[in-house]
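Notes follow once the structure below has been shown.
The values are calculated or read from the model by the stated rules, or taken from the named source; none is laboratory data. Being a predicted model, the structure only gives us computed values, none of them experimental. We place every Cβ from the backbone using ideal geometry, glycine too, and count neighbours over all the protein chains shown.
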Amino acid sequence: MDALSHALIVIIILLALGLPSLIPFAVIGAVILDADILFSFISDRSPDLYLFAHGGITHSIGGAIVMSALAYVTIVAVTIAGIIPPLIPSGYGTAAFAIILASAFLHLSIDLLACPGIPLFAPFSDTKYSAGILPGPSILLMGSAIAFLVFIISGRVPVLATLAVYAMIVILYLAFRIAMFLFAAAILPGRRVPTINPFRWLVIAENDTEYSVRYYTVFRGFSNVEIFEKYHNTNPGEVKNYFNMPEVRRLVFNSYIAIAERSGATLIISDPLREKGYIYYPPKFKQVVIPVESAL
């Protein structure tokens, strides 16, 4: 989910709880994890640091704690330096940090609903976790958030009424997506990846040698299946060491599936789903081409 939607959600929650004075801290906690967008130049240039990408290390339990602490310490420091007026009323120090951290964890909880998932236990593990309910990102929620922000800024509609309408849209959208997720789980075998179209899923099945990929659309059924060999002109034993290379680990971290093909003295490891446009996000690092000697 986009940062603006995260911010609006915590604003609505704090207003509903009657705690408007804590809204600035809640917003900071809700959006601070998405500061990883600024880290992309690190992961783009240094494959070893692939967790420093959007949806990477800051979207973990440890990352949320560290980012929340840094945000709180920064607020205190710039306040003491006189750069900004005091944001933390007397006796609110603990509450301010708690709401920043709680909002960061709410951010994680929401992002867990979406594909491709987040690495909850990074840096100790780069495994991504996802409930598989929402596509990533959600165009409807992002568009609605932008539209409602424009309405609020224009001053033509009451702020509270606008936020109430947005809250209802979020609740109805999530309820509908959860219902469709349960429907898909009941009838579709294999791994189900939601798409922007809530009535359509990408269904991935696999065995020891291949992946099969097809769409399922409500009222239409399955599309034709496409098969991707896991190993073409190679084998698991030959490619095992290559999957430990930083470039390949980065590709796998961004991928839904990974296949390997040997062509002469070159090994090509790729995510055919993103290469062929079945899935567009994440957009980078879809293929790695390696001279076979480089991992020997």
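If only one of 36, 44 is assigned to a helix (DSSP H, G or I), in the same structural domain as residue 140 (by TED's automatic domain parsing) and over 19 Å from residue 103 (Cβ atoms), which one is it?
44
Residue-by-condition table, conditions (1) at pLDDT 90 or above; (2) more than 30 Å from residue 164 (Cα to Cα); (3) touching a strand residue (DSSP E or B) at 6+ places or on another chain (Cβ under 8 Å):
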position	(1), (2), (3)
3	no, no, no
10	yes, no, no
25	yes, no, no
38	no, yes, no
43	no, yes, no
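Which number in (1) over 16 Å from residue 58 (Cβ atoms); (2) without any contact (Cβ under 8 Å) to a residue 12 or more places away in the chain marks the one condition that residue 165 misses?
It is condition (2) that residue 165 fails.
In this structure, is residue 70 assigned to a loop (DSSP other than H, G, I, E, B), hydrophobic (A, V, I, L, M, F, W, C) and modelled with pLDDT of 90 or more?
Considered against the rule, which asks whether it is assigned to a loop (DSSP other than H, G, I, E, B), hydrophobic (A, V, I, L, M, F, W, C) and modelled with pLDDT of 90 or more, residue 70 comes out as no.
Just to be sure I understand, how many residues within segment 196-224 are surrounded by 17 or more Cβ atoms within 10 Å (Cβ to Cβ) and either closer than 20 Å to residue 129 by Cα or acidic (Asp, Glu) (or both)?
4
Report, ordered by the first and then the second residue, all pairs with beta carbons closer than 6 Å, sequence separation of six or more or different chains, a first member in segment 95-111 that is touching a residue at least 24 places away in the same chain (Cβ under 8 Å), and a second member that is outside any helix (DSSP H, G or I).
Partner pairs satisfying both residue conditions: 96/88; 110/1; 111/118.
Tell me the residue from 32, 61 that is farther than 30 Å from residue 242 by Cα, modelled with pLDDT of 95 or more and within 26 Å of the chain's Cα centre (by Cα), please.
The unique qualifying residue is 32.
Output the residues belonging to segment 144-165 that are farther than 14 Å from residue 5 by Cα and surrounded by fewer than 12 Cβ atoms within 10 Å (Cβ to Cβ).
Passing the criteria: 153, 154, 155, 156, 158, 160, 161.
Would you say residue 262 is under 21 Å from the mean Cα position of the chain (by Cα) and either touching a residue at least 60 places away in the same chain (Cβ under 8 Å) or assigned to a strand (DSSP E or B) (or both)?
Spelling it out, it is not the case that residue 262 is under 21 Å from the mean Cα position of the chain (by Cα) and either touching a residue at least 60 places away in the same chain (Cβ under 8 Å) or assigned to a strand (DSSP E or B) (or both).
If you scan segment 47-67, which residues turn out to be assigned to a loop (DSSP other than H, G, I, E, B) and either assigned by TED's automatic domain parsing to the domain that holds residue 255 or among the polar types (S, T, N, Q) (or both)?
60
Of everything in segment 218-257 that's among the basic types (Lys, Arg) and without any contact (Cβ under 8 Å) to a residue 12 or more places away in the chain, which residue is nearest to residue 195 (Cα to Cα)?
Top of the filtered list is 220.
So which residues in segment 120-142 are surrounded by 12 or more Cβ atoms within 10 Å (Cβ to Cβ) and under 18 Å from residue 5 (Cα atoms)?
Within segment 120-142, 133, 134, 135, 136, 137, 138, 140, 141, 142 meet the criteria.
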